[in-house]
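S.K.: Just passing along the structure, written as structure tokens.
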Amino acid sequence: MAREANDVSAVNKLQNDPKAVDADIPDLCRFMLAIGVRIGEALAVLWSEVDLNAGTVEITSMIIRVKEVGLLRKDTKSSAGQRTLRLPSWAVAMLERSSGGYVRMDRPVFPDSLDGFRDPSNTQRALREARGSDGFAWVTSHVLRKTAATILDEAGLSAREVADQLGHARPSMTQDVYMVCTAVTPRAARALGGALSSKAMG
């Protein structure tokens, strides 16, 4: 969990950057880290899709830029992307704080300066600028998503459960792209040892 702890620490340090705070980058990064969503999905979330009492958020859409058209809010990549995710208690508290007790339900949770949808590419650039030094260059939206997947993997969730969280139809994609090969668990040794010990000793 050392690398994951570094990721979380790096996100928290963004709070010390006034420009990042003004752009709401720290809370956006925490939100992505909390539930493992894509940056386009995070930027598409409306307040009407957040239930602070239940501690859940509905992921239904994503923001994309279409050439000569502009920003569009469209359905997620697949039906697997349509999902309701449970928020950690600290993420609920963060959203309660940012809501200030009142929000317009048709507005995005992480809006631009005009209270509209943010451009994912511009937001990625703002994150790069906020990271600044080479020491934080590796903190990207994809890294945050992979960190969330690794935390779930190490917590013992199945590939199917992690895939459902990330919005993948196929667990194999989750395993190939987001789940790293870690040390073999003691359970594997015990299972193999128990099944083969008599034969090996014979």
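The values are calculated or read from the model by the stated rules, or taken from the named source; none is laboratory data. Bear in mind that the values here come from a model prediction, so they are computed numbers and not experimental data. Backbone-built Cβ (ideal geometry, glycine too); neighbour counts: all protein chains shown. What goes into the accessible areas is simple: the full protein's heavy atoms, side chains included, and nothing from ligands, DNA or RNA. Shrake-Rupley method; radii C 1.70, N 1.55, O 1.52, S 1.80 Å.
Quick grid of which residues meet (1) over 13 Å from the mean Cα position of the chain (by Cα); (2) within 23 Å of Leu152 (Cα to Cα); (3) open to solvent by less than 40 Å² (accessible area, probe 1.4 Å):
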| position | (1), (2), (3) |
| --- | --- |
| Lys19 | yes, no, no |
| Ile25 | yes, no, yes |
| Met32 | no, yes, yes |
| Ile39 | no, yes, yes |
| Ala42 | no, yes, yes |
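S.K.: Of all the residues that make up the range 104-115, how many are surrounded by 11 or more Cβ atoms within 10 Å (Cβ to Cβ) and farther than 19 Å from Arg30 by Cα?
M.R.: Residues in the range 104-115 being surrounded by 11 or more Cβ atoms within 10 Å (Cβ to Cβ) and farther than 19 Å from Arg30 by Cα: 2 in total.
S.K.: Give the range 44-66 a look and list any residue that's in contact (Cβ under 8 Å) with a residue 40 or more places away in the chain and either assigned to a loop (DSSP other than H, G, I, E, B) or exposed (fewer than 15 other Cβ atoms within 10 Å of the Cβ) (or both), or say none.
M.R.: Val45, Ser48, Leu52, Arg65
S.K.: A further question on this structure: Could you tell me which residue of the range 126-142 is modelled with the highest pLDDT, considering only residues that are exposed (fewer than 15 other Cβ atoms within 10 Å of the Cβ) and under 21 Å from Ala34 (Cα atoms)? Talk me through it step by step, then tell me what you get.
M.R.: As a first pass, look at the range 126-142 and keep what is exposed (fewer than 15 other Cβ atoms within 10 Å of the Cβ): 128-129, 132-135, 137-138, 142.
Restricting the remaining residues to those that are under 21 Å from Ala34 (Cα atoms) gives 128, 137-138, 142.
On the way: Arg128: 77, Ala137: 56, Trp138: 54, His142: 73.
Within the range 126-142, the match that is modelled with the highest pLDDT is Arg128.
S.K.: Within the range 67-101, take every residue that is assigned to a strand (DSSP E or B), open to solvent by less than 50 Å² (accessible area, probe 1.4 Å) and in contact with a strand residue (DSSP E or B) (Cβ under 8 Å, 6 or more places away or on another chain) and give me the one that is nearest to Pro26 (Cα to Cα).
M.R.: Within the range 67-101, the match that is nearest to Pro26 (Cα to Cα) is Leu85.
S.K.: Failed condition for Ala20, given (1) within 23 Å of Thr150 (Cβ to Cβ); (2) of a type in the set (A, V, I, L, M, F, W, C); (3) modelled with pLDDT under 85, with all others met?
M.R.: Every condition holds for Ala20 apart from (1).
S.K.: Could you grab me the full set of residues in the range 32-43 that are in contact with a Phe, Trp or Tyr (Cβ under 9 Å, 6 or more places away or on another chain), outside any loop (DSSP other than H, G, I, E, B) and modelled with pLDDT under 90?
M.R.: Selection gives Ala34 alone.
S.K.: Is there a residue being closer than 18 Å to Arg145 by Cβ, in contact (Cβ under 8 Å) with a residue 24 or more places away in the chain and not aliphatic (A, V, I, L, M) anywhere in the range 103-110?
M.R.: Within the range 103-110 (the criterion being closer than 18 Å to Arg145 by Cβ, in contact (Cβ under 8 Å) with a residue 24 or more places away in the chain and not aliphatic (A, V, I, L, M)), the answer is yes, since at least one residue qualifies.
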